[in-house]
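Worksheet: one structure, shown below.
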Amino acid sequence: PGLAVPARADTSPYRGLMAFGPDDSDLFFGREEIVSSILDRLAAGGFMAVVGASGSGKSSLVRAGLVPAYRRAREGLVAVMTPGSDPVAELERSVAGGPPSLLVVDQLEEIFTLCREEARRARFVDALFELRDMSSTSIVVTLRADFYGRCATSPRLAAALAEHQHLLGPMGSDELRRAIERPAHATGLRLQAGLVDAILADV
């Protein structure tokens, strides 16, 4: 009840607790202003960190919001990686086809949680910034806020984070309204009058 489903709709436009990916960009709404701001700041500095609490939507923001917006605005290869236990190897795989125009390192905290060797961690950070400096690759990382302090062990990473970051907070009421209404509209669904206000009141 509350969602009028047309005959042609056979799937839900809502991802629930699942993260959004690049293929979900047509259903990703609510963070448009943040995506635009990050793109502008990325063009100016070549590096951006999206920092936020676990579950705040960092991965969805970069994968379903930033990456498609970047591709619409600019030409060039886009690569998305997670560091894993061997971040240097993952980076090499990500740039095997040549330096990308944009490299997204999602869940940067994995260099602390999964990579146990300090030397390998340091090599990854050095290689990341060498890629930016030598090939003009723009770099976006996502980082859980509780690992922010751990980044201070790398002076270069700490300096980049201090200068180029966006602290991602909870969605505001206007953002939530767009995130509820627009996926339904995009797929031909009609929300019952008053339902969105009731959901926002509960939230």
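For residue 20, the residues 5 or more places off, or on other chains, whose built amide H falls under 5 Å of its own are 60. So which GluC sites (Glu not before Pro) in the range 8-113 pass both tests, a DSSP loop state and at most 14 other Cβ atoms within 10 Å of the Cβ? Passing sites in the range 8-113 are 75. Using the Cβ-Cβ distance between residue 75 and residue 40 with R0 set to 25 Å, the FRET efficiency from 1/(1 + (r/R0)^6) comes to roughly 0.90.
Applying the Karplus relation 6.51 cos²θ - 1.76 cosθ + 1.60 with θ = phi - 60° to the range 42-56 yields 3J(HN,Hα) values of 5, 4, 7, x, x, 8, 8, 10, 9, 10, x, 5, 4, x, 7 Hz, where x marks Gly and Pro. Split the accessible area of the chain by element, probe 1.4 Å, and carbon with sulfur accounts for 52%.
Subtracting the Cα-Cα distance of residue 120 and residue 200 from their residue separation scaled by 0.36 nm leaves 24.2 nm. With R₀ fixed at 22 Å, the C-beta to C-beta distance from residue 191 to residue 32 puts the FRET efficiency at about 0.65. Loop-located chymotrypsin sites (Phe, Trp or Tyr not before Pro) across the range 94-142 with a Cβ neighbour count of 13 or fewer within 10 Å are lacking, with loop assigned by DSSP. Our coupling estimate for the range 149-163, obtained by passing each phi through the Karplus curve with A = 6.51, B = -1.76, C = 1.60 and θ = phi - 60°, is x, 5, 5, 5, 5, 10, x, 5, 5, 4, 5, 5, 5, 5, 9 Hz, Gly and Pro reported as x. Database remark: amide H of residue 48 closer than 5 angstrom to the amide H of 139, 140, 141 (H placed geometrically; neighbours at sequence offset of 5 or more, or on other chains; Pro and chain starts carry no H).
In the full protein context, the range 1-142 carries 48 Å² of accessible surface per residue, based on a 1.4 Å probe and ignoring ligands, DNA and RNA.
Whole-Hz Karplus values for the range 16-21 come out as x, 8, 6, 6, 7, x Hz, taken residue by residue from phi with 6.51 cos²θ - 1.76 cosθ + 1.60 and θ = phi - 60°; glycine and proline positions read x. Near residue 53, the amide H atoms lying under 5 Å from its own belong to 145; only residues 5 or more places off or on other chains count, and H is placed 1.01 Å from N.
The values are calculated or read from the model by the stated rules, or taken from the named source; none is laboratory data. Everything numeric here is computed off the predicted structure, so don't read it as measured data. Every residue, glycine as well, gets a Cβ built from its backbone with ideal geometry; the counts of neighbours run over all protein chains shown. Heads up: the accessible areas ignore ligands, DNA and RNA and are worked out on the full protein's heavy atoms, side chains in. Shrake-Rupley method; radii C 1.70, N 1.55, O 1.52, S 1.80 Å.
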